[in-house]
Amino acid sequence: MIRVRCLLLLLALPAIARADGQWVLERSTLAYHVSHPLHDTDGVSHAARGKAVCRSGECEVLVAAPVKSFDSGDSNRDLHMVQVVDGARYPLVSVRLRAPEAKDSAEIHCDLQIEFAGKTATYPQVPFTVTDEGGERRISGTIPAKLSDFGIPPPSLLAVPVKDDMPIRVDMVWKPA
């Protein structure tokens, strides 16, 4: 089974600040989901790192996670996934975006650019929830990724391939740098 590490990730690192400044990713959970008629698989990573620079109401964000950091609970499946996505040559999944500055808790929509398995995919207007938690900001949402977005042939079990859909759940907490 392929575990698509992304996320990415990655992904949803929008509008993090109220004022100009820098933010760093404090902690994260990135989780992908793939489905097969016989079973579903989820892979999770807590290894993402990220930085955001905010100026004039807009934030530039970069987040990356090692492909090998995703854990599905089956080391054989995880190793196969790293092989299928050419993790030796492309060891990171990264997300870049420009996001509007969020005012307090809000929903924002971001255009994401994700690099994974040597390919780049763009996801327009992905919704994320921004929640203030003391001096930190929580960003959460789901990226509607597909295996085909990255040219990854769906792996098969008993000659039946997994579904192309590979949604990536994102939950990240950012703090001022």
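Name the residues in the stretch 55-70 that are touching a helix residue (DSSP H, G or I) at 6+ places or on another chain (Cβ under 9 Å) and more than 16 Å from I114 (Cβ to Cβ), would you? Full working, then the answer.
Applying the first criterion (touching a helix residue (DSSP H, G or I) at 6+ places or on another chain (Cβ under 9 Å)) to the stretch 55-70 yields 67-68, 70.
Within the stretch 55-70, K68 is the sole residue that qualifies.
Spot the failing condition for E58; the list is (1) among the acidic types (D, E); (2) over 22 Å from D111 (Cα atoms); (3) without any contact (Cβ under 8 Å) to a residue 60 or more places away in the chain, and only one is missed.
That leaves (2) as the condition not met.
So, in the stretch 52-99, of the ones that are of a type in the set (S, T, Y) and either modelled with pLDDT under 95 or over 20 Å from V173 (Cα atoms) (or both), which residue ends up surrounded by the fewest Cβ atoms within 10 Å (Cβ to Cβ)?
Per the stated criteria, the residue is S56.
For P176, all conditions in the list (1) under 17 Å from D42 (Cβ atoms); (2) in contact (Cβ under 8 Å) with a residue 24 or more places away in the chain hold save one; what is the number of the exception?
Among (1) under 17 Å from D42 (Cβ atoms); (2) in contact (Cβ under 8 Å) with a residue 24 or more places away in the chain, the lone unmet condition for P176 is (1).
For the stretch 143-170, which residues satisfy the criterion of being in a loop (DSSP other than H, G, I, E, B) and either more than 14 Å from the chain's Cα centre (by Cα) or exposed (fewer than 15 other Cβ atoms within 10 Å of the Cβ) (or both)? Give the derivation first.
First, pick out the residues of the stretch 143-170 that are in a loop (DSSP other than H, G, I, E, B): 144-145, 151-155, 158-159, 162-164, 166-167.
Once the filter is applied, which keeps residues that are in a loop (DSSP other than H, G, I, E, B) and either more than 14 Å from the chain's Cα centre (by Cα) or exposed (fewer than 15 other Cβ atoms within 10 Å of the Cβ) (or both), the stretch 143-170 yields P144, G151, I152, P153, P154, P155, L158, A159, V162, K163, D164.
Among the residues of the stretch 100-142 satisfying the criterion of being of a type in the set (D, E, K, R) and either free of Cβ contacts under 8 Å to residues at least 12 places away in the same chain or closer than 30 Å to V162 by Cα (or both), which is surrounded by the most Cβ atoms within 10 Å (Cβ to Cβ)? Give the derivation first.
Here is the first cut: in the stretch 100-142, the ones of a type in the set (D, E, K, R) are 101, 103-104, 107, 111, 115, 119, 132-133, 136-138.
Adding the requirement that they be either free of Cβ contacts under 8 Å to residues at least 12 places away in the same chain or closer than 30 Å to V162 by Cα (or both) leaves 111, 115, 119.
Details: D111: 14, E115: 20, K119: 14.
The qualifying residue surrounded by the most Cβ atoms within 10 Å (Cβ to Cβ) is E115.
When you check V173 against the structure, is it assigned to a strand (DSSP E or B), of a type in the set (V, I, T), within 20 Å of A48 (Cβ to Cβ) and in contact with a Leu (Cβ under 9 Å, 6 or more places away or on another chain), yes or no? Can you show your working first?
Details: assigned to a strand (DSSP E or B): yes; of a type in the set (V, I, T): yes; within 20 Å of A48 (Cβ to Cβ): yes; in contact with a Leu (Cβ under 9 Å, 6 or more places away or on another chain): yes.
So V173 fits the description; yes.
Counting just the residues of the stretch 101-140 that are of a type in the set (K, R) and modelled with pLDDT of 90 or more, which one comes out nearest to A88 (Cα to Cα)?
K119
The values are calculated or read from the model by the stated rules, or taken from the named source; none is laboratory data. Just so it is clear, the model here is predicted, and its values are computed rather than measured. Neighbour counts are summed over all protein chains in view; Cβ atoms, including those assigned to glycine, are modelled from backbone coordinates with ideal geometry.
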